[in-house]
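Quick one: the structure is below, and I'll ask about it shortly.
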Amino acid sequence: MLPPKIEEALNSQLNAELFSAYLYMSMAAYFESLNLTGFGNWMKVQTQEELFHAQKFFDHINARGGRVIMQAMEKPETDWESTLAVFEFTYKHEQKVTSLINDLVELARTEKDNATYNFLQWFVSEQVEEEASADAVLQKLKLVGDFGPGIFMIDQEMGQRVFTPPTAGV
Ligand code: FEO
């Protein structure tokens, strides 16, 4: 049995994860419009990660006897000033998601929903990686600045990223 407050909050987080997928797909489109296909690939892989996160919330709500309710999706940003600006945005976005997860953990604790509390621990760890991977790219972009060959080299590297489903976890 899922406490109603938790059911509502988990449905909101499902929407937030789907929004993240939508946002990263929008970033992939931005990069591909600039022929930065490596950065586009990185964002498409990130989109898959977010869909995986969304699926985990979907399955947890159902496994606990709750009801998944799909909600309206916010329109994502579509344009940025630079590659660096995209990754500054991404890093801030992931920090915001971490704070949403922390709020959920707090709610699970106050509602004494231990199953959801345990389920969320996977996301607590995952957010450490999510912030770190966005920050790693951000730091490289800060190093190269506007130096075109540097951006080109990072683009090549970003093209190597492949989606590997994270371990199943809780
Ligand atoms: Fe679902 Fe990027 O956090």
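Quick one: in the stretch 29-54, of everything that is away from the ligand (no atom under 16 Å from the Cβ) and among the polar types (S, T, N, Q), which residue is surrounded by the fewest Cβ atoms within 10 Å (Cβ to Cβ)?
Ranking the qualifying residues of the stretch 29-54, first place goes to Asn35.
Looking at the stretch 115-128, is at least one residue of a type outside the set (Asp, Glu), farther than 15 Å from Ser20 by Cα, in contact with a Lys or Arg (Cβ under 9 Å, 6 or more places away or on another chain) and within 16 Å of the ligand (Cβ to nearest atom)?
Yes, that holds for at least one residue.
May I pose another question? Would you point out which residue out of Ser20, Ser12 is among the hydroxyl-bearing types (Ser, Thr, Tyr), part of a helix (DSSP H, G or I), within 14 Å of the ligand (Cβ to nearest atom) and surrounded by 19 or more Cβ atoms within 10 Å (Cβ to Cβ)?
Criteria check complete, one pass: Ser20.
Right, something else. Quick one: which of Met70, Met1, Met43, Met27 is hydrophobic (A, V, I, L, M, F, W, C), out of contact with any strand residue (DSSP E or B) (no Cβ under 8 Å at 6 or more places or on another chain) and modelled with pLDDT under 95?
When all the criteria are applied, what remains is Met1.
So, one more: Name the single residue that is surrounded by the fewest Cβ atoms within 10 Å (Cβ to Cβ) among those in the stretch 88-102 being within 13 Å of the ligand (Cβ to nearest atom) and farther than 22 Å from Leu10 by Cα.
Phe89
Inside the stretch 55-71, can you point out the residues that are open to solvent by 80 Å² or more (accessible area, probe 1.4 Å), out of contact with any helix residue (DSSP H, G or I) (no Cβ under 8 Å at 6 or more places or on another chain) and more than 16 Å from the ligand (Cβ to nearest atom)?
The one that is open to solvent by 80 Å² or more (accessible area, probe 1.4 Å), out of contact with any helix residue (DSSP H, G or I) (no Cβ under 8 Å at 6 or more places or on another chain) and more than 16 Å from the ligand (Cβ to nearest atom): Ala63.
Residues are listed down the side, and each one gets a yes or a no for (1) more than 16 Å from Trp42 (Cβ to Cβ); (2) small (Gly, Ala, Ser):
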{"position": "Met70", "(1), (2)": "yes, no"}
{"position": "Tyr91", "(1), (2)": "no, no"}
{"position": "Val97", "(1), (2)": "yes, no"}
{"position": "Arg109", "(1), (2)": "yes, no"}
{"position": "Asn118", "(1), (2)": "yes, no"}
{"position": "Gln121", "(1), (2)": "yes, no"}
{"position": "Ala136", "(1), (2)": "no, yes"}
{"position": "Leu141", "(1), (2)": "no, no"}
{"position": "Gln160", "(1), (2)": "no, no"}
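Separate question: What is the number of the single condition among (1) touching a residue at least 12 places away in the same chain (Cβ under 8 Å); (2) within 26 Å of Asn114 (Cα to Cα) that Leu36 does not meet?
For Leu36, the exception is condition (2).
Right, another one. Does the stretch 141-160 hold any residues that are surrounded by 16 or more Cβ atoms within 10 Å (Cβ to Cβ) and either modelled with pLDDT under 95 or under 27 Å from Gln48 (Cα atoms) (or both), and which are they?
If the condition is that a residue be surrounded by 16 or more Cβ atoms within 10 Å (Cβ to Cβ) and either modelled with pLDDT under 95 or under 27 Å from Gln48 (Cα atoms) (or both), then Leu141, Ile151, Ile154, Asp155, Met158 are the ones that fit.
The values are calculated or read from the model by the stated rules, or taken from the named source; none is laboratory data. Because the structure is predicted, anything quoted here is derived from the model rather than measured. All Cβ positions, even for glycine, are placed from backbone atoms using ideal geometry, and neighbour counts span all protein chains on display. The area values use the complete protein model at the heavy-atom level, side chains included, leaving out ligands, DNA and RNA. Shrake-Rupley method; radii C 1.70, N 1.55, O 1.52, S 1.80 Å.
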